[in-house]
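Beneath this line is the structure, given in structure tokens, with notes to follow.
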Amino acid sequence: MPRLSRSRRLAPSLAPDTAVTHLVRDIEERRHGLFARDGRRLECETPDVPDDVRVPGGPVAEILGVLLDNARVHGEGTVRLRVRDLEDALAFDVRDEGEFDSGTARLFDSGHSGGPGDGIGLALARDLAFSLGGRVSAAGGRRPTTFTLLVPVQPVREDETGDGGG
């Protein structure tokens with residue numbers, strides 16, 4: 001898998017500000033009810049992500065919101081959000097038990113929708129990920145449906161947090 005470019009840096013206003021483990025817990029708490037009302041399960045896990053890894057919380061939550069809504073509306077069965085540590089990047093995998101019917105190339109075209117909705121969510125998620133130096137992609141194969149958000153990260157050193165280490 002190709003590495004994300006290390007030359008891209010986040011704009012100061014998009015500096016990493018939210019611990020990934022906290023972000024995922026918050027997403028799970030906020031979205032659990034939506035899935036439950038549809039008779040679906042949402043499972044989230046961050047098994048190998050260190051507590052000190054941070055990402056731009058607002059933009060990453062927005063992208064994951066699009067991917068989770070897409071899985072809830074267009075997918076089937078249990079939806080799983082799993083975060084993988086890839087050293088210089090994190091992979092946020094959103095997987096459901098369905099399969100996609102159309103080619104992956106068109107999934108990210110604005111206005112393309114395989115069902116309810118206006119079809120702009122994935123295009124916006126892709127553009128927002130790109131603005132972070134990352135990307136959103138659909139995994140190869142039709143089943144299970146899996147989208148991955150890759151976000152470049154660097155652990156925040158204690159002297160950068162401004163809290164003096166205490």
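The values are calculated or read from the model by the stated rules, or taken from the named source; none is laboratory data. The shown structure was predicted, so the numbers you read here are calculated from the model rather than taken from an experiment. A quick note on method: Cβ atoms are made from the backbone with ideal geometry, for glycine too, and the neighbour counts reach across all protein chains shown. These area figures cover heavy atoms from the full protein model, side chains too; ligands, DNA and RNA do not enter into them. Shrake-Rupley method; radii C 1.70, N 1.55, O 1.52, S 1.80 Å.
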Simple SL model, points at 7 angstrom along Cα→Cβ for residue 22 and residue 99; separation in nm is 4.2 nm
How much accessible area per residue does segment 44-93 have, in Å², with a 1.4 Å probe? 39 Å²
